[in-house]
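A.B. asks: Let me give you the structure first, and then I'll get to my questions.
The values are calculated or read from the model by the stated rules, or taken from the named source; none is laboratory data. All values derive from a computational prediction rather than experimental measurement. Note: ideal-geometry Cβ built from the backbone for every residue, glycine included; neighbour counts use all protein chains shown.
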Amino acid sequence: MIELKNVNKFFGERQVLKEIDATFLPGVCNLIIGASGGGKSVLVKCMVGLEVPTSGEVLFGNQNFHSLEYEEKKELRKEIGMLFQGTALFDSLTVEQNVEFPLLMFGNMTKQERQDRVAYCLNRVNLSHAYGKYPSEISGGMKKRVGIARAIALNIKYLFCDEPNSGLDPLTSRVIDNLLAEITREFNITTIINSHDMKTVLDIGEHIVFMHQGQKWWEGSKEEMKAAQQDNAELRAFIEASV
Amino acid sequence: MSLFREIGRYVLFMRYVLRKPERLYMFWQNLMREMNLIGVDSLLIVVLIALFTGAVTTVQTASQLTADTGILPPSFFPMSIVGSVVGSSSILELAPTITCLVLAGKVGANIASEVGNMRISEQLDAYEVMGINSAGFVGLPKIIAGVIMIPCLVIVSNFLLIYGGLIAGKFTGVVTADEFTTGVRSSFIPLYANIMLVKAFIFAFLITSLSVFQGYYTVGGALEVGEAGTKAVTRICVLILFADLIIAKMFL
């Protein structure tokens, strides 16, 4: 479980996150939605440690991430996987080596065990045919799937996805969405997806946080969202513009 | 003010780069790759530049010594002086400085663009999220590889500069091989070789660390990656020339 307590973030004088409180549960797809510039990406970056909140707490279980020592943070980060918007695959490594990378860095596995784990992860994302290919030789959808395979290579507890559908066609987007939902349930991980794709929300969204102008504007389930938009003009405008 | 801020940022950055590697096996793999890229891949350009610079220096020095200026007769100097001039200037200046200026363009721009590209494509963020010190993981192998390989290239360059001079002297007939060799041997001072190595190590560190630094803090897109490469080369060249002066003043 991840808990945010009164998270604020300033860039100079500009406040981009305002008193965010939220809870993200394991085994469900938690979605952060909202228009561009609403603070979604900064919030995710604060959660994974790429940005430091100006004030507030980001709790992984009962550990406040930003008050941990360097070595403690390193340990916690081994439980975190992230699928980047641009996939962030390592150009100089093949698909197989990209997935093997976290295992080499942090695992204490034999070569055979590593190969088995890579095979399992690539099979899980239906990419068992792309072992020796470089990121530049595969499609956008395949890159996303390699990114997911790399993220789950270690037995992670938390998975962050920044715009997993950006740049993908609708069909491939659904494949990625379903894959994320399946993995979340299968490994009981806390998955947080940053998206503005309403189709994703309707397909796999279980717990939704709507961000607007740096604030948590609304939070609830998919079913509750339908009812809430009657009273919430910003949420309604976002949904109507997206569908 | 911005100069001091930049120096401070560089020093803080180096504190992260010079940390103990997380996995020695991965560090070793990266180091070998970088040594190949920085050293072996730069060998051809270093060989060509050294041979031609040595040849040109010999021909021009001989021409100046035999020129009838009206002050001294053209045959006043023994031609072995050409060997002395080429030998000393190669060891002291041409091998370390010219080679490193060339490598600043080749290696420095390459590293800055590579690291800058990793920054804008979020690869450095991916390392950080995994709990890897991205500055150290990416930067340290490049710096160590540079500090090992660039002095080796400078030594090779020094021999080829002198050899290029010898060949050019022989084939153009301006100085015989015996005269040239006598000149090189008679003017050799071991301190000069030490200075050459000190320069090579310092220049190597400047080339690699500054280019990694410049690339690491790239913000923006493809245009900024190109700018990072250009900025890195400009700064490295200026600092090499400045350090060259300081080292010369300190040791000579």
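A.B. asks: Can you find, within segment A:68-100, the residue that is surrounded by the fewest Cβ atoms within 10 Å (Cβ to Cβ) among those that are at the interface with chain B (Cβ under 7 Å from one of its Cβ atoms) and out of contact with any helix residue (DSSP H, G or I) (no Cβ under 8 Å at 6 or more places or on another chain)?
C.D. replies: A:K74
A.B. asks: Take the residues in segment A:101-133 that are within 14 Å of another protein chain (Cβ to nearest Cβ) and over 30 Å from A:V42 (Cβ atoms), then tell me which one is nearest to the chain's Cα centre (by Cα).
C.D. replies: At the first step, the residues of segment A:101-133 found to be within 14 Å of another protein chain (Cβ to nearest Cβ) are A:101-111, A:114.
Subset that is over 30 Å from A:V42 (Cβ atoms): A:103-104, A:107-111, A:114.
Working: A:L103: 20, A:L104: 23, A:G107: 22, A:N108: 26, A:M109: 26, A:T110: 29, A:K111: 29, A:R114: 24 Å.
Out of the qualifying residues, it is A:L103.
A.B. asks: For residues that are more than 17 Å from A:E206 (Cα to Cα) and either surrounded by fewer than 17 Cβ atoms within 10 Å (Cβ to Cβ) or within 14 Å of chain B (Cβ to nearest Cβ) (or both), tally how many sit in segment A:3-34.
C.D. replies: 12
A.B. asks: Name the one entry in A:F24, A:F11 that is under 23 Å from B:D125 (Cα atoms) and without any contact (Cβ under 8 Å) to a residue 24 or more places away in the chain.
C.D. replies: A:F11
A.B. asks: Residues in segment B:128-142 that are more than 7 Å from every other protein chain (Cβ to nearest Cβ), surrounded by fewer than 22 Cβ atoms within 10 Å (Cβ to Cβ) and assigned to a helix (DSSP H, G or I): how many?
C.D. replies: Total satisfying the criteria: 2.
A.B. asks: Can we say A:G167 is in contact with a Leu (Cβ under 8 Å, 6 or more places away or on another chain), farther than 15 Å from A:L31 by Cα and touching a residue at least 24 places away in the same chain (Cβ under 8 Å)?
C.D. replies: no
A.B. asks: Conditions first: (1) exposed (fewer than 12 other Cβ atoms within 10 Å of the Cβ); (2) at pLDDT below 95. B:F242 passes all but one, so which condition is the exception?
C.D. replies: For B:F242, the failing item is (2).
A.B. asks: Specify which of the listed residues (A:G86, A:G81, A:G56, A:G132) is more than 21 Å from B:N117 (Cα to Cα), without any contact (Cβ under 8 Å) to a residue 40 or more places away in the chain and not in a helix (DSSP H, G or I).
C.D. replies: Result: A:G132 is the single residue among A:G86, A:G81, A:G56, A:G132 that is more than 21 Å from B:N117 (Cα to Cα), without any contact (Cβ under 8 Å) to a residue 40 or more places away in the chain and not in a helix (DSSP H, G or I).
A.B. asks: I've got another one for you. Scan segment A:109-131 and tell me whether some residue there is surrounded by fewer than 23 Cβ atoms within 10 Å (Cβ to Cβ), closer than 20 Å to B:E122 by Cβ and either among the aromatic types (F, W, Y) or assigned by TED's automatic domain parsing to the domain that holds A:M47 (or both).
C.D. replies: no
A.B. asks: Considering segment B:198-229 alone, what residues qualify as being part of a helix (DSSP H, G or I), modelled with pLDDT under 95 and surrounded by fewer than 19 Cβ atoms within 10 Å (Cβ to Cβ)?
C.D. replies: B:A222, B:L223, B:E224, B:G226, B:E227
A.B. asks: Continuing with the same structure: Is it fair to say B:L124 is crowded, with 22+ Cβ neighbours inside 10 Å, assigned to a helix (DSSP H, G or I) and more than 14 Å from chain A (Cβ to nearest Cβ)?
C.D. replies: In short, no.
A.B. asks: Under the condition of being surrounded by fewer than 18 Cβ atoms within 10 Å (Cβ to Cβ) and among the hydroxyl-bearing types (S, T, Y), which residue from segment A:35-67 is modelled with the lowest pLDDT?
C.D. replies: A:S36
A.B. asks: Given (1) crowded, with 19+ Cβ neighbours inside 10 Å; (2) within 11 Å of another protein chain (Cβ to nearest Cβ); (3) within 30 Å of A:E219 (Cβ to Cβ), where does A:I193 come up short, assuming only one miss?
C.D. replies: (2)
A.B. asks: Which numbered condition in (1) among the charged types (D, E, K, R); (2) out of contact with any helix residue (DSSP H, G or I) (no Cβ under 6 Å at 6 or more places or on another chain); (3) facing chain B (nearest Cβ under 10 Å) is the only one that A:R150 fails?
C.D. replies: Every listed condition holds for A:R150 apart from (2).
A.B. asks: I need every pair where a residue in segment B:20-32 that is more than 11 Å from chain A (Cβ to nearest Cβ) has its Cβ under 7 Å from the Cβ of a residue that is in a helix (DSSP H, G or I), sequence separation at least 6 or different chains.
C.D. replies: Within 7 Å, the pairs are B:L31/B:P141; B:L31/B:I144; B:L31/B:A145.
A.B. asks: Turning to a different aspect of this structure: Please go through segment A:33-47 and pick out each residue that is in contact (Cβ under 8 Å) with a residue 60 or more places away in the chain and under 19 Å from A:N165 (Cβ atoms).
C.D. replies: A:I33, A:G34, A:A35, A:S36, A:G38, A:K40, A:S41, A:L43, A:V44, listed by residue number.
A.B. asks: Given B:T172, B:T234, which one is touching a helix residue (DSSP H, G or I) at 6+ places or on another chain (Cβ under 8 Å) and polar (S, T, N, Q)?
C.D. replies: B:T172
A.B. asks: Continuing with this model, one more query. Being among the hydrophobic types (A, V, I, L, M, F, W, C), within 14 Å of chain A (Cβ to nearest Cβ) and touching a Leu at 6+ places or on another chain (Cβ under 9 Å) narrows it down to one residue among B:V115, B:V184, B:V175, B:V156; which is it?
C.D. replies: On inspection, the qualifying residue turns out to be B:V115.
A.B. asks: For segment A:12-40, what are the residues that are assigned to a loop (DSSP other than H, G, I, E, B), over 20 Å from A:L159 (Cβ atoms) and of a type in the set (A, V, I, L, M)?
C.D. replies: A:A35, the sole residue that qualifies.
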